[in-house]
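J.: Got a structure for you, questions after.
The values are calculated or read from the model by the stated rules, or taken from the named source; none is laboratory data. Just so it is clear, the model here is predicted, and its values are computed rather than measured. Glycine also receives a Cβ, built like all others from the backbone with ideal geometry; neighbour counts cover every protein chain displayed. We work out accessible area using only protein heavy atoms, side chains counted, and drop any ligands, DNA or RNA first. Shrake-Rupley method; radii C 1.70, N 1.55, O 1.52, S 1.80 Å.
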Amino acid sequence: MLNWKKAASTAVSVAKPASTLVFLPRVFKYMTPTENPVAVGRGMRPLPLIIFASRWLQLPLYLGLIAAQGVYVYHFWVELVHLIEAVFGNQNALKTLVETVGYDINIYSMKGEIVGQKMLQLNETIIMLVVLALIDVVMISNLLIMVIVGGYETFVSRMNLENHPDQPEWLSHVNASVLKVKLATAIIGISSIHLLKTFINANNYSEKVLLWQTLIHVTFLLSALAIAMTDRLMVPGDHEAKKRDGSEHKY
């Protein structure tokens, strides 16, 4: 039987002074200071070490975003429960949905004065507006996940998810540039949902509001294109190498 204590002591005696020996049951491995994060941290001067450690100040921000996502989950289920109750004839739930999505049930005269109200009932327009609102919540939640996971991985600390079965596909190649493009496309998707809700319920909005929402959406599109083009112009060699290797990721 192999005497591990004797073997380890022998290995330590012949180890190089500049290296740190890591002993495992079946593997002897030398880890240089550049491979050992603890050794690297100890080798830094106090001021750079404090500056580098300041990245952990972002941790409460990401924890706050996690709490905000919990609020969105609660809001999603409240709206879904109201929709189900309205389907089964609950008038209070239907009234709450109408007020939430901004559906106008008033009847106006030619002069724009309110002369009455439509009979409150669940129709296709109300259902579509509620479903779009639920999709909007889901897309914002996806945006929060991108910011939380991608931001923490990029700016705070590695999560070491390389071999995890549930690792997001986009996280394997995430960096600051990729994260900006993905966030821009997510914001465009959210803006599209809001614009669609406005057009479905267009009778409740003035032409000025419709025009400005359309212009804002177009601005988001142009901004995303500008971010993507800037990313390609800043690192053209990297993109060309990925194209040659056939491994370029699509945003």
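J.: Quick one: in the range 132-148, which of the residues that are without any contact (Cβ under 8 Å) to a residue 60 or more places away in the chain and of a type outside the set (S, T, N, Q) is surrounded by the fewest Cβ atoms within 10 Å (Cβ to Cβ)?
T.: Across the range 132-148, the extreme among qualifying residues is ILE135.
J.: Which ones in the range 200-213 are modelled with pLDDT of 85 or more and within 19 Å of MET139 (Cβ to Cβ)?
T.: Of everything in the range 200-213, just one residue is modelled with pLDDT of 85 or more and within 19 Å of MET139 (Cβ to Cβ), namely GLN213.
J.: Now for a different question. Kindly list the number of the only condition in (1) open to solvent by less than 60 Å² (accessible area, probe 1.4 Å); (2) at pLDDT 85 or above that fails for LEU171.
T.: With respect to (1) open to solvent by less than 60 Å² (accessible area, probe 1.4 Å); (2) at pLDDT 85 or above, LEU171 is out only on (2).
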